[in-house]
Amino acid sequence: MMLSEYEWQAVLLSLKVSSLAVVCSLPLGILMAWILVRCRFPGKSLLDSIIHLPLVLPPVVIGYLLLVVMGRRGFIGQRLYEWFGFSFSFSWHGAVLASAVVAFPLMVRAIRQSLEAVDPKLELAARTLGASPWRVFFTITLPLSMPGVIVGVVLAFARSLGEFGATITFVSNIPGETRTIPLAMYTLIETPGAESAAARLCVLAILLSLAALLISDWLAKRSRIRLGG
């Protein structure tokens with residue numbers, strides 16, 4: 001399957017955006033999952049609902065909210081531009097942010113389910129032996145929940161690969177800058193005579209997502225076997 005330069009550009013940009021979206025959101029995803037599992041406080045249900053809100057909101061709404069808040073004239077984005085000369089609008093940085101926001105609930109959900117399976121008595125035993133909270137987390141909690149972390153990372157990556165609505169609303173459809181695989185397919189579908197190129201990108205998107213899920217399953221199984229051993 002030979003891809004044109006236009007198609008390769010979209011594929012490489014998608015891989016870049018999806019990878020950075022996962023890397024940037026992973027620490028916060030682990031933190032939020034841990035807070036939802038281990039902490040008790042007023043408003044916990046509200047926090048849980050806010051984290052999972054992107055799952056039920058139309059992606060265009062998410063993109064609009066990002067534009068209002070993080071755009072060059074947005075509440076936060078305007079200050080970022082004035083103080084640091086940095087803007088999310090109409091750049092691949094914004095595509096990373098949009099993908100991270102949309103995929104974040106899937107990551108948190110998978111990590112949370114894995115953390116819930118970790119026996120708190122193991123953490124308590126380590127604390128009574130003098131281990132600090134940080135040491136307990138990095139030597140017991142995180143390793144035992146690693147299968148869920150892996151699943152969350154890959155699900156977020158696969159979701160980021162398919163992100164369309166929030167991206168096109170927030171950062172537009174700019175060739176070489178924000179035109180990922182879904183946006184490239186959208187452009188090709190609207191271009192007469194470009195059906196074969198759109199079909200190639202469709203097949204490639206399916207293969208990438210399928211490969212990510214298979215790798216996730218394999219890594220999670222290996223992690224569980226290693227923990228069991």
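The values are calculated or read from the model by the stated rules, or taken from the named source; none is laboratory data. Keep in mind it's a predicted model, so treat the numbers as computed, not measured. Note that we place each Cβ from the backbone using ideal geometry, even for glycine, and neighbour counts take in every protein chain shown. These area figures cover heavy atoms from the full protein model, side chains too; ligands, DNA and RNA do not enter into them. Shrake-Rupley method; radii C 1.70, N 1.55, O 1.52, S 1.80 Å.
Take the residues in the range 115-124 that are at pLDDT below 90 and in a helix (DSSP H, G or I); name whichever of them is farthest from Ser223 (Cα to Cα).
Across the range 115-124, the extreme among qualifying residues is Leu124.
Identify the residue in the range 66-79 that is assigned to a helix (DSSP H, G or I) and buried (at least 18 other Cβ atoms within 10 Å of the Cβ) and, among all such residues, is modelled with the lowest pLDDT.
The selected residue is Gly77.
Which one is farthest from Leu97 (Cα to Cα), of the residues in the range 168-220 that are among the hydrophobic types (A, V, I, L, M, F, W, C) and in a loop (DSSP other than H, G, I, E, B)?
By that ranking, first place goes to Ala194.
Being touching a Leu at 6+ places or on another chain (Cβ under 9 Å), at pLDDT 95 or above and in a helix (DSSP H, G or I) is the requirement here; does Val37 meet it?
Values: touching a Leu at 6+ places or on another chain (Cβ under 9 Å): yes; at pLDDT 95 or above: no; in a helix (DSSP H, G or I): yes.
Here the answer is no, as Val37 does not meet what is asked.
Go through Glu82, Glu7 for me and flag whichever is open to solvent by 60 Å² or more (accessible area, probe 1.4 Å) and acidic (Asp, Glu). Steps first, answer last, please.
On the way: Glu7 fails: open to solvent by 60 Å² or more (accessible area, probe 1.4 Å).
Going through Glu82, Glu7 in turn, the sole match is Glu82.
Of the residues in the range 29-44, how many are in contact (Cβ under 8 Å) with a residue 60 or more places away in the chain and either basic (Lys, Arg) or farther than 17 Å from Gln113 by Cβ (or both)?
Number satisfying all stated conditions: 1.
I want to confirm something. Restricting to the range 24-53 and keeping residues that are of a type in the set (Val, Ile, Thr) and surrounded by 14 or more Cβ atoms within 10 Å (Cβ to Cβ), which single residue is farthest from Val136 (Cα to Cα)? Break it down into steps so the answer makes sense when it comes.
Looking only at the range 24-53, we keep the residues that are of a type in the set (Val, Ile, Thr), and these are 30, 35, 37, 50-51.
Narrowing the set further to residues that are surrounded by 14 or more Cβ atoms within 10 Å (Cβ to Cβ) leaves 30, 35, 37, 51.
Numbers: Ile30: 15, Ile35: 15, Val37: 15, Ile51: 26 Å.
That would be Ile51.
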